[in-house]
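All remarks here apply to the structure that follows.
The values are calculated or read from the model by the stated rules, or taken from the named source; none is laboratory data. Predicted model, so just to flag it, every value in this text is computed and none were measured. Ideal geometry is used to build each Cβ from the backbone, glycine not excepted, and the neighbour counts take in all protein chains shown. What goes into the accessible areas is simple: the full protein's heavy atoms, side chains included, and nothing from ligands, DNA or RNA. Shrake-Rupley method; radii C 1.70, N 1.55, O 1.52, S 1.80 Å.
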Number of protein chains: 2
Amino acid sequence: FFSIFQELLMFSQPHRRFNILTEEWVLCSPHRALRPWQGQVETSSADDRPHYDPSCYLCPGNKRVGGDKNADYLDTFVFTNDFSAILPRQSSDSGNDELRSHDDNEDGLLVASTTHGVCRVLCFSPRHDLTIAEMDVSAIRKVVDTWVSEYLSVGNLDYVNYVLIFENKGAMMGCSNPHPHGQLWATETIPNEPHKEIQSCERYHLKKDRCLLCDYVALEIKKKERIVCESDYFVSLVPYWAIWPFEVMLLPKRHLSSVLDLSTEERDDLSDMLRRVACRYDNLFQTSFPYSMGLHQAPTSPDAFSAATAPPEDRRRLVHMHLHFYPPLLRSATVRKFMVGFELLGEPQRDLTAEQSAERLRNLDEVHFRQRS
Amino acid sequence: FFSIFQELLMFSQPHRRFNILTEEWVLCSPHRALRPWQGQVETSSADDRPHYDPSCYLCPGNKRVGGDKNADYLDTFVFTNDFSAILPRQSSDSGNDELRSHDDNEDGLLVASTTHGVCRVLCFSPRHDLTIAEMDVSAIRKVVDTWVSEYLSVGNLDYVNYVLIFENKGAMMGCSNPHPHGQLWATETIPNEPHKEIQSCERYHLKKDRCLLCDYVALEIKKKERIVCESDYFVSLVPYWAIWPFEVMLLPKRHLSSVLDLSTEERDDLSDMLRRVACRYDNLFQTSFPYSMGLHQAPTSPDAFSAATAPPEDRRRLVHMHLHFYPPLLRSATVRKFMVGFELLGEPQRDLTAEQSAERLRNLDEVHFRQRS
Ligand SMILES: [Zn+2]
Ligand SMILES: [Zn+2]
């Protein structure tokens, strides 16, 4: 029993909320949203980039630091990162099997293992001056198509078990180039974050024989208060346990395990929803909204699951694909949220509630502020 | 079996290391340390603060935003934060017991609980222009003494089970005031980070009947390669699983569960080690080095432990107190590490190895660069 009155009362006082995906808590302090701001203010650069920048290493036809020349591409363009954080397995590595996994050395205190993988860069558009918020849906559809083909081709490498597709946007996020692009890191092991989520989904499935995120999506659509926008096939919402002030999850309503499961209609719909979310973001503070965004989906190898609760062919079905948007901005184009102090040493803390953030994002226009006459 | 040759080979290639405290992984890419920097460069403010700033709300005798006036303090000064993220339990709250814990509502999908606590601010010194790196050891000793008295007094509140003492330093960390100060958040629940650590320590103790961090400290002192500096009672090191480029842990060699266990000599020694670590940090890039620093120690209530593996009076003994320093700087006073993209959506990644960072910190002077003639 949890009445609306109790919920209102709780949500006006300091409280903690539980993240069902990572099984960690976030501290919520709604009474504090009005405290004065005395911290660092970031610079917001006026966005007047040219269509083509001869000094940009991502623009079509330009030379990269590594010496290679970009194709004269017309929609998307993918290449292997010249400074990859992980490297492919070489045939000469196979003799070093002993080196690949030292999962219990020095009494379990110093544990390391070598790892292999591929880092790819994906240019979203030949246009240096666009972002997803201002691209045509048909152009974003090319990005989605490239996610599918890359997930498939890189995922097929025998030493790749997980493919993390993400975008890091804006100087505030340390992004070194404003040309619209994302990345794709294909790894031998499942990284921490999706690993925690998959374990939670497995546990939920074991207990209830249902999908955690199917249930969550259905509940949020019923409740409405955290929904940002909705389409036939997708829904975007501020999760109940959001950490970042305007954090958003974008989920398919249907149980899709990876981008491979997307129908043609769903690819179009996802492309449109990506634009709608990014556009609302830009309109919130009338700025090119910085964020880290990424897709969590099924590992590309069924062996990569921790608990073998199902036959290999069913294991990937435990995962319900979704996108996370983690944007740092808090109050304006120049005032950000810092994840420091108590956040780093204790647990994440936020002032604005998820419901308040969702309401603000929900009330925004889906026409980009720069495209309004 | 893990030979030095294998270790060298592994540590020159991409590999993952395991954090025994949080049980999460960090991706390490040593081959990548030389990639060109094209990202955001921060401004480094020249540090010419006055001894006393009439507009600073932390300087002695000044008025705070909330209207209260600071004491004319001579060493440390503590007050309750005027904008606390958590609030004390009121006697009127006791009727709302039902509201305090909703640990399983809406099918376990929307889980929240109210929480209480106290947020305190601790001024380290009346001098507006100092930091721990430049304070006298005798003045830092007053800070350590205040940690002890606050841990004791706030920890004794019946709704407080954990006391997190931390310092957030520098505009890059969102710190709103350069006056040397830390904070103390006393909470009803154990925050995520110490909770994960305590669970790991409990598991290790259950398995080996020894303390995880006693064993780790002994191993690191034997290995030497990650030690930054050492004293009679304490050791500072770059942990094997460090995430931040120049992350440091400061640990007592003896098994101390909290600051209450510090002997007089250990309080002096800790004060000196705090100065030594902070001074090396400032000397690294000849700047006032930003960081978040905090103490992880025993909960103030034995009931706060998850698993009752020992009688109440012994449970706090499972914890080995330690300090974490999380500094953002990477290459210079103006180039920082960003925790974004793969870090947020996958897992932390670093280029410099922990051994390389430790060596650089180890080779630095312990006389502050501004105090050299
Ligand atoms: Zn996810
Ligand atoms: Zn700790």
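Structure data summary
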read-out: Scope the range B:190-206; condition at the interface with another protein chain (Cβ under 9 Å from one of its Cβ atoms) and either over 18 Å from the mean Cα position of the chain (by Cα) or more than 30 Å from residue A:19 (Cβ to Cβ) (or both); matching residues; value: B:204
read-out: Qualifying residue in the range A:145-158 (condition: acidic (Asp, Glu), more than 24 Å from residue A:270 (Cβ to Cβ) and within 13 Å of another protein chain (Cβ to nearest Cβ)); value: no
read-out: Count of the range A:158-211 residues which are of a type in the set (S, T, N, Q), part of a strand (DSSP E or B) and within 16 Å of ligand 1 (Cβ to nearest atom); value: 1
read-out: Residue that is in contact with a Phe, Trp or Tyr (Cβ under 9 Å, 6 or more places away or on another chain), modelled with pLDDT under 95 and over 24 Å from residue B:15 (Cα atoms), where the choices are A:174, A:170; value: A:170
read-out: Residue among B:207, B:224 that alone is surrounded by fewer than 18 Cβ atoms within 10 Å (Cβ to Cβ) and under 26 Å from residue B:352 (Cα atoms); value: B:224
read-out: Any hit, the range B:343-355, residues being away from ligand 1 (no atom under 16 Å from the Cβ) and more than 11 Å from chain A (Cβ to nearest Cβ); value: yes
read-out: Any chance residue A:360 is modelled with pLDDT of 95 or more and either surrounded by fewer than 22 Cβ atoms within 10 Å (Cβ to Cβ) or part of a loop (DSSP other than H, G, I, E, B) (or both); value: yes
read-out: Strands (runs of 3 or more DSSP E) completely within the range B:1-81 that count 2 or more residues being at pLDDT 70 or above and more than 9 Å from chain A (Cβ to nearest Cβ); value: B:77-80
read-out: Qualifying residue in the range B:255-264 (condition: crowded, with 22+ Cβ neighbours inside 10 Å, among the β-branched types (Val, Ile, Thr) and touching a Lys or Arg at 6+ places or on another chain (Cβ under 7 Å)); value: no
read-out: Some residue of the range A:277-295 being within 15 Å of ligand 1 (Cβ to nearest atom), aliphatic (A, V, I, L, M) and closer than 22 Å to residue A:349 by Cα; value: yes
read-out: In the range A:130-167, the residues that are farther than 20 Å from residue A:257 by Cα, at pLDDT 95 or above and open to solvent by 20 Å² or more (accessible area, probe 1.4 Å); value: A:130, A:134, A:136, A:137, A:138, A:139, A:142
